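Inspection log for the structure reproduced underneath, given as structure tokens.
The values are calculated or read from the model by the stated rules, or taken from the named source; none is laboratory data. For clarity, every value in this text was computed on a predicted model and none was experimentally measured. A quick note on method: Cβ atoms are made from the backbone with ideal geometry, for glycine too, and the neighbour counts reach across all protein chains shown. When the accessible area is computed, the model is the full protein with side chains, heavy atoms only, and any ligands, DNA or RNA have been set aside. Shrake-Rupley method; radii C 1.70, N 1.55, O 1.52, S 1.80 Å.
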Amino acid sequence: MTRAAFIVGPSRSGTSVLARALGRHPRIEATEELHFYNLLQPAALADGHGNGWLWARLCAIQDERRFFEVKSGDLSDLPDPAPEDLPVADTPLLLSFFDRLARRTGSAAVVEQTPMNLYYRDEIRRDFPDALFFLMRRDPRAIIASQKMRWKVGEHGQRDIPARDLARVRHSGHPVLQLLLLRKTLKEVRVAMGEADVVPIAYEELVTDPDTILADLCARLGQGYDPAMRDVSDAGSSHTAEGGRKGFDARRLEGWRKSLNATETWLTERFYRDELVMPATGARPRFGELLRLLFSLPRAAAMALYYSAGGYGNLIDAVRRRFL
């Protein structure tokens, strides 16, 4: 069975850059964000679809980068998978998919990078008894700033991101809404950190000492370190245009200072003072900024919910896991 690791953590905590770095190793294959447990599998169960339906969509996401079409339900031209590709007997589908991916790429390990898998660890352990979880952590101010500016990722990368998804991230990036969402996420992070198969990774340490962090993760996957992993691209940044630069840049650790105003910084430091990685700034709130944040919150929350409705295979279950 292929060695598997799942990169989890708060959204915008560095899960993608870690996956891209590991994926540069010749014996490690990094997948796209497959959203198997929070989207594909619940949708299949709700609509009575079988393994063939799931397999075809996994291939569309991984091989053809068609996640947004899968998410919206617009795919109607997917070929049926070959019978020999589908799992036999009681073998979990995603495990079979990873094995097939490893054979095709000559890899010994596969890493998957859906942050939402943080809430599906029990389901993953059921399917992958020997899996590891690489748990990303990051200064909350950087997370809030990245969520606030996330809508610019499409603009920076000049990617074909559907207007609905751009609207979703723009509304859901409201700083107060993200502060509220982050509370349950960080609670889940604290629980996960006490579990034996979870490897905590601080984004700040990854950026400042990538050789040490990446070498440790490779060893856990049974692989030697490859320096090529340092040359990761800057694709997906919320703060800077993607200029095709390579490598980890410690200057990005200060990027949140330009993206958050004084009131947003003050709120984050008050909400999560025990989670700060860098020292508190001592920022003070400004009355006008605070009023604008509070008055714009109800509309942002309503619009975020509206645009997010199709992003989960089971919205009620997703709300329960993320908020309750």
Quick one: in segment 9-36, of everything that is out of contact with any Gly (no Cβ under 9 Å at 6 or more places or on another chain) and hydroxyl-bearing (Ser, Thr, Tyr), which residue is nearest to Gln147 (Cα to Cα)? Ser11
Looking only at segment 49-91, which residues are out of contact with any Leu (no Cβ under 7 Å at 6 or more places or on another chain) and among the aliphatic types (A, V, I, L, M)? Val70, Leu75, Leu78, Ala82, Leu86, Val88, Ala89
Residues (at pLDDT 95 or above and either touching a helix residue (DSSP H, G or I) at 6+ places or on another chain (Cβ under 9 Å) or under 23 Å from Arg24 (Cα atoms) (or both)) located in segment 116-129: Asn117, Leu118, Tyr119, Tyr120, Arg121, Glu123, Ile124, Asp127, Phe128
Quick one: would you say Arg103 is outside any helix (DSSP H, G or I), within 24 Å of Ala21 (Cβ to Cβ) and open to solvent by 20 Å² or more (accessible area, probe 1.4 Å)? no
From the list Ala108, Ala131, which residue is closer than 18 Å to Ala5 by Cβ, of a type in the set (A, V, I, L, M) and open to solvent by 20 Å² or more (accessible area, probe 1.4 Å)? Ala108
Could you please tell me which pairs satisfy a Cβ distance under 6 Å, a separation of 6+ or placement on different chains, a first residue in segment 162-183 that is more than 14 Å from Ala145 (Cα to Cα), and a second residue that is open to solvent by 20 Å² or more (accessible area, probe 1.4 Å) and hydrophobic (A, V, I, L, M, F, W, C)? Pro162/Phe68; Leu166/Trp151
Among the candidates Val169, Val191, Val176, residue that is of a type in the set (A, V, I, L, M), out of contact with any helix residue (DSSP H, G or I) (no Cβ under 7 Å at 6 or more places or on another chain), over 24 Å from Phe248 (Cα atoms) and buried (at least 16 other Cβ atoms within 10 Å of the Cβ): Val169
Among (1) modelled with pLDDT of 95 or more; (2) among the basic types (Lys, Arg); (3) surrounded by fewer than 12 Cβ atoms within 10 Å (Cβ to Cβ), there is one condition Arg220 misses while meeting the rest; what is its number? (3)
Considering only residues that are within 13 Å of Cys218 (Cα to Cα) and of a type in the set (A, V, I, L, M), which ones fall in segment 1-29? Ala4, Ala5, Leu18, Ala19, Ala21, Leu22, Ile28
Extreme residue, surrounded by the most Cβ atoms within 10 Å (Cβ to Cβ), among residues of segment 282-319 that are assigned to a loop (DSSP other than H, G, I, E, B) and either touching a His at 6+ places or on another chain (Cβ under 8 Å) or at pLDDT 95 or above (or both): Ala283
Filtered residues of segment 245-281 (kept if among the hydrophobic types (A, V, I, L, M, F, W, C), part of a helix (DSSP H, G or I), closer than 29 Å to Arg24 by Cβ and open to solvent by 20 Å² or more (accessible area, probe 1.4 Å)): Ala250, Leu253
Given (1) at pLDDT 95 or above; (2) loosely packed, with under 14 Cβ neighbours inside 10 Å; (3) of a type in the set (Gly, Ala, Ser); (4) under 27 Å from Gln41 (Cα atoms), index of the condition Ala163 fails: (1)
Could you count how many residues in segment 110-131 are touching a strand residue (DSSP E or B) at 6+ places or on another chain (Cβ under 7 Å) and part of a helix (DSSP H, G or I)? 5
Conditions first: (1) open to solvent by 30 Å² or more (accessible area, probe 1.4 Å); (2) at pLDDT 95 or above. Asp47 passes all but one, so which condition is the exception? (2)
Residues being under 15 Å from Ser76 (Cβ atoms) and within 24 Å of the chain's Cα centre (by Cα): count how many of those fall in segment 46-58. 3
Can you tell me which residue within segment 52-93, out of those that are among the small types (Gly, Ala, Ser) and surrounded by 13 or more Cβ atoms within 10 Å (Cβ to Cβ), is nearest to Asp165 (Cα to Cα)? Ser72
